[in-house]
Amino acid sequence: MPQAIATAAEGTRDGAGSAAPESATGAAGAAQAQGSDFAPLLRAVKGQGLLERRTGWYAVGITANLVALGAVITGMFLLGNTWWTLLLALPLAIFWSRTAFVGHDAGHAQITGERRTGRAIGLVHANLLLGMNEAWWNDKHVRHHANPNHIDKDPDVGVGALVWTQKQAAQREGFARWLTRNQARLFFPMLLLEGIALKISGFQYLRQQPARERALSALLLVAHLGLYATLLLTVLSPGKAIVFALVHHALFGLHLGMAFAPNHKGMEMPDPDGERWGHLQRQVLTSRNVRGGILTDWFLGGLNYQIEHHLFPSMPRPHLRLAQPMVRAHCEALGMPYAETGLIESYRQALQHMHDVGEPLR
């Protein structure tokens with residue numbers, strides 16, 4: 001499965017269709033050049049070796065994260081059955097998010113090109129360590145990468161607790177209608193439930209998996225729950241253990257949501273009835289980068305280079321920042337918008353979009 005994401009998202013790289021007319025994007029400009037407007041960029045990136053694996057970099061990062069998780073768990077045992085142990089829910093949530101980023105990169109075949117090894121890394125980091133079904137995540141994520149922000153094809157902008165177009169909003173009734181009216185102000189509070197929702201979605205997806213794959217996924221998911229419960233109930237009383245689990249999952253969901261929210265919300269949404277965009281347009285116009293330094297790169301797991309990540313899903317995380325100047329220059333040469341903003345502004349734009357979607361209901 002890891003290779004599937006890279007293949008689906010990069011499948012047009014050498015033979016990408018021509019760009020859509022300027023009227024379809026409002027600013028495609030010189031992107032009407034004959035042939036693929038992505039091919040020259042791909043050749044340049046390959047020429048710089050930026051698609052080559054960085055297995056050693058990942059090995060160090062994975063080891064450091066596992067050591068950090070071990071240190072937090074050790075701290076829980078040292079503190080014991082006290083409310084002070086609740087303070088460790090924050091670092092545990094942070095390093096769980098780091099674990100999720102590794103699972104994400106494994107799913108994109110960024111860590112290794114060997115399929116079985118990549119899936120093993122994904123299973124350990126997602127199913128066993130997080131209790132999140134990597135098969136569910138990969139299935140959902142490959143469809144997102146293939147058609148980002150496409151209302152009919154991207155599950156991330158489908159109708160759920162939140163909606164992303166006024167057409168979707170107009171169909172809401174009852175409590176869902178109230179939720180849509182207030183979705184911008186409720187967005188971050190709702191992320192506190194995301195950590196638990198990820199687990200539930202993973203278990204629900206089991207019935208869609210082939211029998212052998214389902215058995216392995218289920219075994220690891222159940223093992224995670226057993227190990228997690230054993231850890232908490234060994235260290236804490238049942239009451240404190242429940243509070244710790246709730247706080248921990250709330251912080252984990254919030255962190256992941258803060259990493260994924262800036263990427264596409266409020267960006268271009270392709271017209272389902274319009275011309276199909278070429279690979280470059282489809283990935284660049286729907287994505288937003290977040291400016292920042294090492295701390296931003298660390299906090300967002302490299303997803304702040306969302307444009308580069310979508311253009312080259314299998315590109316190792318440390319190479320994304322190296323590819324950015326090349327991608328930006330290529331877009332400027334074509335007259336294609338390249339969205340980049342600060343972290344706070346990215347949240348403001350995403351929330352503004354959600355607010356505008358609910359406007360007709362207020």
Item to complete: Considering every residue within segment 122-132, establish whether at least one is farther than 21 Å from L311 by Cβ, under 24 Å from the mean Cα position of the chain (by Cα) and not in a helix (DSSP H, G or I).
Response: yes
Item to complete: Within segment 153-166, work out how many residues are farther than 23 Å from S201 by Cα and either without any contact (Cβ under 8 Å) to a residue 12 or more places away in the chain or not in a helix (DSSP H, G or I) (or both).
Response: 1
Practice prompt. From R282, R214, R207, grab the single residue that is open to solvent by less than 30 Å² (accessible area, probe 1.4 Å) and assigned to a helix (DSSP H, G or I).
Written response: R282
Worksheet, complete the sentence: Residue set F260, F175, F187; condition crowded, with 17+ Cβ neighbours inside 10 Å and either in contact with a His (Cβ under 6 Å, 6 or more places away or on another chain) or more than 30 Å from L41 (Cα to Cα) (or both); output residue F187
Item to complete: Scan segment 44-54 residue by residue and report those that are surrounded by fewer than 15 Cβ atoms within 10 Å (Cβ to Cβ), under 20 Å from I121 (Cα atoms) and not acidic (D, E).
Response: none
Worksheet item: Is it the case that H330 is assigned to a helix (DSSP H, G or I), in contact (Cβ under 8 Å) with a residue 12 or more places away in the chain, over 17 Å from N263 (Cα atoms) and under 22 Å from the mean Cα position of the chain (by Cα)?
Response: no
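Could you check segment 285-310 and list, in sequence order, the residues that are assigned to a helix (DSSP H, G or I), in contact with a strand residue (DSSP E or B) (Cβ under 7 Å, 6 or more places away or on another chain) and open to solvent by 10 Å² or more (accessible area, probe 1.4 Å)?
Within segment 285-310, just T296 meets the criteria.
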Practice prompt. For residues that are buried (at least 18 other Cβ atoms within 10 Å of the Cβ), among the hydrophobic types (A, V, I, L, M, F, W, C) and out of contact with any Phe, Trp or Tyr (no Cβ under 7 Å at 6 or more places or on another chain), tally how many sit in segment 316-362.
Written response: 5
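Determine whether T74 is assigned to a helix (DSSP H, G or I), more than 27 Å from W136 (Cβ to Cβ), among the β-branched types (V, I, T) and modelled with pLDDT of 95 or more. Full working, then the answer.
Working: assigned to a helix (DSSP H, G or I): yes; more than 27 Å from W136 (Cβ to Cβ): yes; among the β-branched types (V, I, T): yes; modelled with pLDDT of 95 or more: yes.
So T74 passes the test.
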Item to complete: Go through G274, G266 for me and flag whichever is open to solvent by 20 Å² or more (accessible area, probe 1.4 Å), more than 21 Å from A44 (Cα to Cα), modelled with pLDDT under 95 and under 19 Å from the mean Cα position of the chain (by Cα).
Response: G266
Item to complete: Consider only pairs whose beta carbons are under 7 Å apart and that are at least six residues apart or on different chains; among these, list those whose first residue lies in segment 77-92 and is on the phi > 0 side of the Ramachandran plot and whose second residue is crowded, with 16+ Cβ neighbours inside 10 Å and at pLDDT 95 or above.
Response: G80/V235
Discussion item. Looking at (1) assigned to a loop (DSSP other than H, G, I, E, B); (2) of a type in the set (G, A, S); (3) under 15 Å from F101 (Cα atoms); (4) within 13 Å of the chain's Cα centre (by Cα), which one does A259 not meet, given that it meets all the others?
Written reply: (1)
Worksheet entry | Residue that is open to solvent by 30 Å² or more (accessible area, probe 1.4 Å), within 24 Å of L50 (Cα to Cα), in contact (Cβ under 8 Å) with a residue 12 or more places away in the chain and part of a helix (DSSP H, G or I), where the choices are R143, R119 | R119
Practice prompt. Look at P313 and say whether it is of a type outside the set (G, A, S) and open to solvent by 20 Å² or more (accessible area, probe 1.4 Å).
Written response: no
Worksheet item: Based on what the data block shows, is H255 buried (at least 19 other Cβ atoms within 10 Å of the Cβ), of a type outside the set (G, A, S), in contact with a Phe, Trp or Tyr (Cβ under 6 Å, 6 or more places away or on another chain) and in contact (Cβ under 8 Å) with a residue 40 or more places away in the chain?
Response: no
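Assess whether A169 counts as being assigned to a helix (DSSP H, G or I), open to solvent by less than 20 Å² (accessible area, probe 1.4 Å), out of contact with any strand residue (DSSP E or B) (no Cβ under 7 Å at 6 or more places or on another chain) and over 26 Å from L251 (Cβ atoms).
Judged against the criteria, A169 is a match.
The values are calculated or read from the model by the stated rules, or taken from the named source; none is laboratory data. Predicted model, so just to flag it, every value in this text is computed and none were measured. Virtual Cβ from ideal backbone geometry, glycine too; neighbours counted across all protein chains shown. For accessibility, only protein heavy atoms count, side chains too; no ligands or nucleic acids. Shrake-Rupley method; radii C 1.70, N 1.55, O 1.52, S 1.80 Å.
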